[in-house]
Structures are given as structure tokens and as C-alpha cells.
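Here is the structure we will look at.
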Amino acid sequence: MSAASGVGGSVNLITKQATDQPLTEITTSYASTSQFGSHLDFGRRYGSEKELGFRFNGAYRDGTVEIDRQDQEIGLAALNVDYRGESVRLSADFDYAATNNSPGGARLTVGPGLLPAVPDGTTNYLPSWSYVDTNTSLAMVRGEVDLTKNITAYAAIGASDAETSQLLTNFRFLSAAGDIRATPFIQPLDRMAVSGQAGIRASLDTGPIDHAISIDASANSNETKLGNITSATPIFSNIYNPVFGPSPGLPKPKLAKNNTADLESYGFADTISILDKRIQFTAGIRRQSIVADTFDLSTGALATHYDTAKWTPAYMLVVKPWRNVSLYANKAEGLLQGDLVGTGFTNTGEAFPPYLAKQREVGVKVDWGTLTTTLAAFEITQPFLISVQQQGQPLPTALPGGEQRNRGLEFNVFGELTRDTRLLGGFMLMDAEYIRSQDGLVDGNRAYGVPEVQVNLGGEWDASFMRGLTLTGRMIYTGETFADSANLVPVDAWTRVDLGARYLLQTAWLKDPTVIRLAVENVFDKDFWAAEISRDSQVYLGAPRTYLLSATSKF
């Protein structure tokens, strides 16, 4: 159970480990308008059985990006050490990353009739003195041991610390002519987390029935320290002709404990298979608990306390009527930590109660040989927040809105269409609406930021007229949506087209070819507003045409 998991599960990112073959790979890159970077990927294995491995990744980028007057600097160092024994596997990771954005990014708050015509995508409406700087470090250790041929025990522990220093402005449209009011605020932030996991995986053969059993326990403890000072003097400007004047000179506040959360989960699942795994049924249950506290930043006194625990089940059935066709259905519930109000609100740092989310899904997956298709229908329920602009307050207030129900149909395709043509993409039809909202104020309204239609389709073709050349393309379509829960601010649909090429350049002094990549995102330089999916009444400006160039060589 992670702090940001969803009801259907979480995304599991696997860190890079050294491969059996030695690796020394250097990538140099350029991004418009003048950002240059480099990346080193180095890996080696040692020992008679190559049991000990080291993998290092280091990257650095700096320069101006495609937005006018905006600089970005990024640095990263990541080291993985792993040991592969006959029955024991161990790994350790140590990572550090830092980013500096000047000026810092920001979204814009809209109101009925106050969404102006979209400006040029390169427009920088941010004051030059704003910034967002982050420093993130983490360390984790993981190990697993084969107790028997069919039983594996595992355990992991990790810790992270993410520090953010930011001077930003909260933007609010005042008219359809692009007039804005900006409220500066300075906010240092420090998020610290420790998490652990342990469990057993086992496979049992009981005649015609096979079992795959999982027993798992996890815990996550995190603490957020926060400081916040908001300027009493707003700044007035215009998005088409931004003028902000000097920095507001806000003093940097001291950090104070804002919230803590302790999450625990104990789970058991069994996947039963029969008929050579042609029929599989999974049943699982877990005990989840959340203890969350928030504190007054001025006095340190306890402001809210939540202590909730639930038994949450999960079921899944897979039937394969033919070897290349899988029919499946699943139902899952999950206790999730309540939303924590982010920057740009009067109640920044406030935490809301935990909630029980539910998911149902049915689908079919067909393996056509070199091409695979999936079709699924699903329903997910979750809470949502509304943004309320209170009289006399420079910033809006985030409040619980009720329950959001998402019903959708999703189709995906991936694989080789022909020997030299590959596809990846699909479409989703979504009916997202509010049910059981506070006082029924927005019942039946469409959920903000969620379009009814989304299409993403990418492909690549190995050019027949030039050996080593691959042409790539991608189309992204996002349908019309609303920026607000009241459905008074429509946001137009938008389409983005990306094109690119990849070329394998063989040189006399390198054994492996150098891979040269060129990509142009938003080829037609489409200007568009995009609605924020996690914040009521907020939009951001879509990225303009962007050029990307890189060369990767192995030594």
C-alpha cells in the first residue's frame, strides 16, 4: 500500500541493473530553444558467474526551453548494486536528483465566461523572479530468497527526502480579455517517507488445480513540513502582455510540521488455475489502515486526526476459450489516503478523510501473433475536490465535493502490423459524472478535466529506401471537456501531431552503431488550453512546437 496508489493497483518502477554484457553508453541531447544535455549509462558485472553487478546513470541538462524566457536545469545520479546468487538475490539503490526552473510553472484559475482565447504556446505569463527548485534523494534495499523450489520470501525497505523551494504566483482570470490577478506566495516544502514491504510467494500443484499464493505486508510512514507566506498585495497583469514589476520581497518562512500519515496493509491472495491455466480465478483480501494527522503551522497544535481501517477484497476471473483469446473480469476495492490540498489555496496543507474507492472491469485480450488487441469496459468511483472562491480571500479554497463515477470503454493495440511497421495506441470513451455531491449541487455534471473521447496512436516504419532509418509518428486527440465542476467553463478539443526519425549510423571506430534521434512535438504548433484533471477551475497552456535531437553511442 503506497501513499499514492489507486484502487486497481500501482505502477511498479524497476530500477536499472547491470546486464550480462558490459555497457558504456553516452547520449548527448538538444531541446529547443537552447537546452543541451548529456547522459552516461555504465554497467558491469563481476565474478565467475557474474553474480555482482554495478549500474550507474548520470544525466545533466541546462538551458532555455521552448517557453519564452524560461530556463531549466536538471541533474541526476543513480547507482544500483545487485547480487545474484543461486537462491538469493539482493539489490540496493541510491539516487539523487535536482531541478531548477526559472521562472516556475503555474496554472490559471478560471470562472464562468472568463476563459480567454488561447495565446501563443510560447507565451510566458510568469514573473521573471518566480522559481521552483527541488532536491530529491532516496535509498532502498531489496532482497529475496528461494526457500524451496516453489516458495520465495522477499523484503524491502526504503527512505526518501524531497525538498522544494518555490516562489510562485496564483493566477486568476478577471476577464475574457486576458486580464489576470496574480497573488505571490513563497513556500518551502519537505516530504520525508520511509516504507517497507515483506511477503511470500508460493506455487502449489494439487493435482488438477494449481495455486499461486501471495502473502504480503507493507507499511508507509510519511511526514510533510511546510512553510507558507502569501503576499497581501496582488499583482495585476494581462496574459497577452504580461508585466509584473519587481519581486514582492517575501521572507522565506520556517518549516513546520504540516501532516503525517502512517499506512499499513496486510494481504493474502490465491490464484487458482485449472485446465493448463485456461481458467484462472484470483481471490484476495487485505486489511488496510490509515492514521493521518494535520497540524496548525503557527502553533503546532493537532488540527485533524483520522484513524480508519477496512477489509478490502479483490476478485479476478480469466477464461481462455482459445489459446490466443483471454476473457477477463475483475472487481477491487481499496482504502486510499484522503486528498492533501496543494499550493495555491487558502487551505494549503489541509488533509481530508480517507476514502474507499471501487473498480469493476470486464474485457477481452486477443493475441493475433505479431499484434495484440485489448478491449475493456470499466467503472471506477472516487472522491473529488471543488474550488470555492470566498469573498475577501485572494486564493480559492479546496473542499470535498462528493463522489465521482467514471464509466468507460477502452481499446488498445500494440505490436507489428507488418514486418517493418509497428503500432502502439488506442482510444477511450469516458462517461465521468458526479454523484452524491454535497447538497446535490453538481449531481449529473461531467467531471472536470475528463474528456468524453481520447485517442492516442503512435507508429513507426522502417524505411525501405534507406537501411537503418526508421520514421516515427504520433497523434494525440483530447475531446472537449469542462474546466470546472459546475460545467460553466468549456474547454475545446485539441489535437497534437508529433513526427520523428531514428537512424542507425555505423562508424568505423565504434562496434555498435550510433543511434541518432530527431523528434518534433506539436508539429503544426497548435495552441490549446488543457483542463487540469486534479483541480477544479484550473487550466494550463499546452506546450508549443518543440524540437528534440539526441545521439547515443556505445563504447
Residue-wise HN-Hα coupling along the stretch 290-297, computed from phi with Karplus coefficients 6.51, -1.76, 1.60 (Hz; x: Gly, Pro): 9, 10, 10, 10, 10, 10, 5, 5
Hey, what does the equivalent ellipsoid look like for the chain, semi-axes from the Cα gyration tensor as sqrt of 5 times each eigenvalue, largest first, whole Å? 39, 32, 28
Once you put a point 7 Å from the Cα of Q389 and another 7 Å from the Cα of F524, both along the Cβ direction, what distance in nm separates them? 3.3 nm
Under a straight-distance cross-link criterion of Cα-Cα below 30 Å, which lysines are reachable from K149, leaving out those fewer than 8 residues away in the same chain? K16, K50, K277, K320
In terms of Cα to Cα distance under 26 Å, which lysines are near enough to K252, apart from those fewer than 8 places away along the same chain? K225
Residue farthest toward the positive end of the dipole of the stretch 62-158, with Cβ of Lys/Arg at +1 and Asp/Glu at -1: which of I151, T99, P116? I151
Under a cut-off of 21 Å between alpha-carbon atoms, report the lysines in cross-link reach of K310, not counting same-chain residues fewer than 8 places apart. K331, K358
Check which residues have an amide H placed less than 5 Å from T346's amide H, if you skip close sequence neighbours. T397, A398
Checking the stretch 49-137 for GluC sites (Glu not before Pro) in a loop per DSSP with at most 11 other beta-carbon atoms within 10 Å yields E49, E86
Please turn the phi angles of the stretch 88-103 into ³J(HN,Hα) values with the Karplus equation 6.51 cos²θ - 1.76 cosθ + 1.60 (θ = phi - 60°), one per residue in order, whole Hz, x for glycine and proline. 10, 10, 10, 8, 9, 10, 9, 10, 9, 9, 9, 9, 10, 10, 9, x
If the chain between L548 and H211 were fully extended at 0.36 nm per residue, the gain over the current Cα-Cα distance would be 116.4 nm
The answer for GluC sites (Glu not before Pro) in the stretch 376-456 that fall in a DSSP coil and have at most 16 neighbouring Cβ atoms within 10 Å is E452
For the stretch 485-495, in order, what is each residue's ³J(HN,Hα) by Karplus, 6.51 cos²θ - 1.76 cosθ + 1.60 with θ = phi - 60°, in whole Hz (x at glycine and Pro)? 6, 7, 6, 9, 10, x, 10, 5, 5, 9, 10
Accessible area per residue, 1.4 Å probe, Å², for the chain: what's the number? 51 Å²
Stretch gain in nm, segment F414-N238, where the contour uses 0.36 nm per residue and the Cα spacing is subtracted: 58.9 nm
The chain - charge dipole about Cα centre, Lys and Arg +1 at Cβ, Asp and Glu -1, debye rounded to 20: 760 debye
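The values are calculated or read from the model by the stated rules, or taken from the named source; none is laboratory data. Everything numeric here is computed off the predicted structure, so don't read it as measured data. Positions of Cβ are backbone-derived with ideal geometry, glycine not excepted, and every protein chain shown enters the neighbour counts. When the accessible area is computed, the model is the full protein with side chains, heavy atoms only, and any ligands, DNA or RNA have been set aside. Shrake-Rupley method; radii C 1.70, N 1.55, O 1.52, S 1.80 Å.
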